[in-house]
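The values are calculated or read from the model by the stated rules, or taken from the named source; none is laboratory data. In this text, all values refer to a predicted model and were calculated from it rather than measured experimentally. All Cβ positions, even for glycine, are placed from backbone atoms using ideal geometry, and neighbour counts span all protein chains on display.
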Amino acid sequence: MVDVLEMLAEPTDDPSRAVVLVADHQTAGRGRLDRVWEAPEGASVLMTVGLPVLSVPVERRTLLTSALALAVVGAPSTEGMLSIKWPNDLVARGVGADGTDRKVAGILAELHRLPGEPADHGGVPGRGDCVLLGIGINVNLPEIPEHLHDVAESLQRLVGHPVDRAQLVVEILTALEQVWLPVLEDTTRPPDELLDSYRAASATIGREVRVELPDAVLFGTASDVTANGELVVVDDQRVERTLSVGDVVHLRPAK
């Protein structure tokens, strides 16, 4: 993501223009909780979108990862195959031998504010607030490494043939720019279209879950997402909890 920040900092006649960096392979990728993974050459879509977000209201910026997830789920190359596991994974539902889901992609977001603003992260001079959206998608993996058999899957294995990675990138970026970003930028209407699409694509809502929090573990049923993308869980005492962070484990296969 450092390279994308450097690209954003280069002089430009259009400060609102996004930058995109796509890698062919990866040896030190970083995900949530600083997890590290590797991706062999030619096997994955490894992309970071550097997005100036002055046109996106602050209260909607937490939905940018949801927008990117929907862009992937709705891409012609993946349509009907993937669902969204809160907060930032894309899974193939029920494809495991035991009926469980398998992870196909993960998303990571970083906010960079201007110096002096609340929650200062360094900022991007000349660009204003920016969000870096990183995504890794298992695309052309004909075999899943043995140590990942119980957690991962690839698009090639789901569709039965190799997938054009360049075409998939174009589909994702087109949907993000033309469909979902305009929904977030339009302050004259609530982002209901995005939220309703997210709910329909969710692999988590309606499931019994275990949520690993920074200082506790919560058991319950995921019931909804809020207007800013938080997960609503009804715990085993029938108390409604709203979560902004946490690692979710689906406890039972989807029915």
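Assorted remarks:
- Pro162 fulfils the conditions (1) over 20 Å from the mean Cα position of the chain (by Cα); (2) of a type outside the set (Asp, Glu); (3) more than 14 Å from Ser44 (Cβ to Cβ) except for a single criterion, (3).
- For region 73-86, the set of residues classified as touching a strand residue (DSSP E or B) at 6+ places or on another chain (Cβ under 9 Å) and either closer than 21 Å to Val163 by Cβ or at pLDDT below 95 (or both) consists of Val73, Thr78, Met81, Leu82, Ser83, Ile84, Lys85, listed by residue number.
- Taken over region 58-99, the criterion of being basic (Lys, Arg) and not in a strand (DSSP E or B) is satisfied by Arg60, Arg61, Arg93.
- Among all residues of region 191-207, there is at least one that is basic (Lys, Arg), out of contact with any His (no Cβ under 6 Å at 6 or more places or on another chain) and without any contact (Cβ under 8 Å) to a residue 40 or more places away in the chain.
- Search result, residues across region 221-245 that are among the small types (Gly, Ala, Ser) and buried (at least 20 other Cβ atoms within 10 Å of the Cβ): Ala222, Gly229
- Qualifying positions in region 130-162 - out of contact with any strand residue (DSSP E or B) (no Cβ under 9 Å at 6 or more places or on another chain) and under 15 Å from Ala75 (Cβ atoms): Val159
- In region 194-218, residue surrounded by the fewest Cβ atoms within 10 Å (Cβ to Cβ) [restricted to those that are part of a helix (DSSP H, G or I) and not polar (S, T, N, Q)]: Asp196
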